[in-house]
1. Quantify how much of the Cα-Cα distance distribution of the chain extends past 21 Å, in percent.
2. Largest first and to the nearest Å, give the Cα extent of the stretch 128-216 along each principal axis.
3. Using 0.36 nm per residue of separation minus the Cα-Cα distance, give me the extension gain between Leu50 and Lys65 in nm, one decimal.
4. All other residues with a Cβ under 13 Å from the Cβ of His196 taken together, and with Lys, Arg as +1 and Asp, Glu as -1, what is their net charge?
5. Just the Cα atoms of the stretch 91-156, one point each, no solvent: what log10 I(q)/I(0) does Debye give at q = 0.13, 0.28 Å⁻¹?
6. Restrict the search to the stretch 118-174; then list the GluC sites (Glu not before Pro) that DSSP places in a loop and that have at most 15 other Cβ atoms within 10 Å of their Cβ.
7. Ignoring ligands, DNA and RNA, how do Thr166, Thr173 rank by accessible area with a 1.4 Å probe, largest first?
8. Modelling each spin label as a point 7 Å along the Cα-to-Cβ direction, I'd like the Ile175/Tyr11 distance in nm, to one decimal.
Amino acid sequence: MIHFDNVTKVYANQNRPALDHVSVDVDKGEFVFLVGPSGSGKSTFLRLVLKEERPNNGSIHVAGKDLSKLSNFKVPHLRRRIGCVFQDFRLLPNKNVYENVAFALEVIGKPRRFIRKVVPEVIELVGLEGKAHRMPEELSGGEQQRVAMARAFVNRPMILLADEPTGNIDPATSIGIMKVLDRINRTGTTVLMATHDAAIVDSMRKRVVELEDGKIVRDQSRGVYGQAY
Ligand SMILES: Nc1ncnc2c1ncn2[C@@H]1O[C@H](COP(=O)(O)OP(=O)(O)OP(=O)(O)O)[C@@H](O)[C@H]1O
């Protein structure tokens, strides 16, 4: 599903690579934690998957497509098939829960009838039934992140990228967030989550890929977080 072959990324005006000869394969349906100290290259990895950045060397395949051969006008199509969740939720503040989730389908031209059917299903999947008419400011951080996950998942993406999704959420609430990500993963969606949250990684026992100075220093199935950063 995601294939990096000897990928190196050096940002302009930087002499140290953000990613340095990285090779990794993530299969369809896997759940992978990307861990490593600040600046080790986790976000760069996620941005390369989305083709928000291009590598200087090496090749990247996502869902069988060589990203270097993907023309610019096909990039939105790729991104439509990849859901994203961030530390800071990024909800539309003037839309309620239902509208935030529905908006993700409206912008890609899905019919109203379809939207009315699937949005309530996904709101229930993330555990927000009964809160569809709340505004983001009327929700806790954990609930806002559930809305963000519903929005990322409502189009049934093949991949879900999560960049520090529990970074702004207390530990007890984070467990609920991880249960939702696990539920999404069980539908067959490949999940790649960058995190500093050792307790979460240790409790989930999923594959752990560890980066340090842009290099993969560990790739372990059913792994733990490792050393404290
Ligand atoms: N747009 C950019 N321009 C220049 N350098 C960048 C840019 N984005 C990231 N970098 C550099 O690339 C390296 C990797 O950064 P990246 O954001 O991928 O790390 P990270 O592991 O996600 O860190 P964090 O955990 O703090 O989010 C760092 O040295 C960073 O300063």
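The values are calculated or read from the model by the stated rules, or taken from the named source; none is laboratory data. A quick note: this is a predicted structure, and the numbers were derived from the prediction, not measured. Note that each Cβ is placed from the backbone with ideal geometry, even for glycine, and that neighbours are counted across all protein chains shown. The accessibility values were calculated without ligands, DNA or RNA, using every heavy atom of the protein model including side chains. Shrake-Rupley method; radii C 1.70, N 1.55, O 1.52, S 1.80 Å.
1. Numbers: 14509 of 26106 pairs.
More than 21 Å apart: 56 percent of the Cα pairs in the chain.
2. 45, 28, 22
3. Working: separation 15, 0.36 × 15 = 5.40 nm, distance 1.20 nm.
Stretched out fully, the Leu50 to Lys65 stretch lengthens by 4.2 nm.
4. Values: positive: Lys42; negative: Asp163, Glu164, Asp197, Asp202, Glu210.
In short, -4.
5. -0.28, -1.30
6. Values: sites: Glu121, Glu124, Glu129, Glu137, Glu138, Glu143; in loops: Glu129.
Those that pass, being in a loop and sparsely packed, are Glu129.
7. Thr173, Thr166
8. Roughly 3.7 nm, to one decimal.
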